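A short write-up of the structure that comes next.
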Amino acid sequence: MSTLTITARDATTGPVLEIAGDLDYDQAPRLRQAVTALSLEPEQCLVLDLSGIRFCDSSGITALIVARNHAVAARADIALAAVPDNTIRILRIVGLDRVFTIHPDVGTATTHRPATGGP
C-alpha cells in the first residue's frame with residue numbers, strides 16, 4: 001500500500017488535482033475530502049491527473065464519482081487525465097468511460113473546452 005498524495009494547482013480552465021499512490025479503501029477518503037473542499041465555479045473544469053495512480057479499487061472509483069457529483073452540483077465539468085491502463089480498464093468495464101471525459105494528458109485536458117457545463 002502506498003500513501004495517496006494530492007497536489008492542487010490552478011489552470012486557466014479550473015483546478016487540477018495531481019493524484020499519486022494507491023486510490024483504495026484506506027486512501028479514497030482523502031480524495032473525497034480534497035474534492036469537496038474545492039470551490040468550483042460554473043463552467044470551470046476540474047481535472048484529475050491520475051498519472052501517478054498505482055492502484056484503484058471500488059472505493060477509488062466511488063471517490064471519482066464523488067468528484068464528478070461535486071463538479072456537476074457546481075455546474076462545472078470534470079475530466080480525467082493520464083489514466084493508467086489498469087484504471088481505464090476498470091472504468092470501461094463499469095461504463096464510466098462514457099460518464100467521464102478522459103484525456104491522454106493534463107495539457108490536453110486543460111486546453112479542451114467542453115460544449116456544456118454539467119449534465
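Averaging the Cα positions of each part gives two centres, and for the range 32-70 and the range 4-30 these lie 7 Å apart. As a ratio to 2.2 N^0.38 Å, the alpha-carbon radius of gyration for the range 45-114 is 1.02.
Computed from the coordinates by the stated procedures, all read-outs in this text should not be read as laboratory data. Quantities reported herein were computed from a predicted structural model and do not represent experimental measurements.
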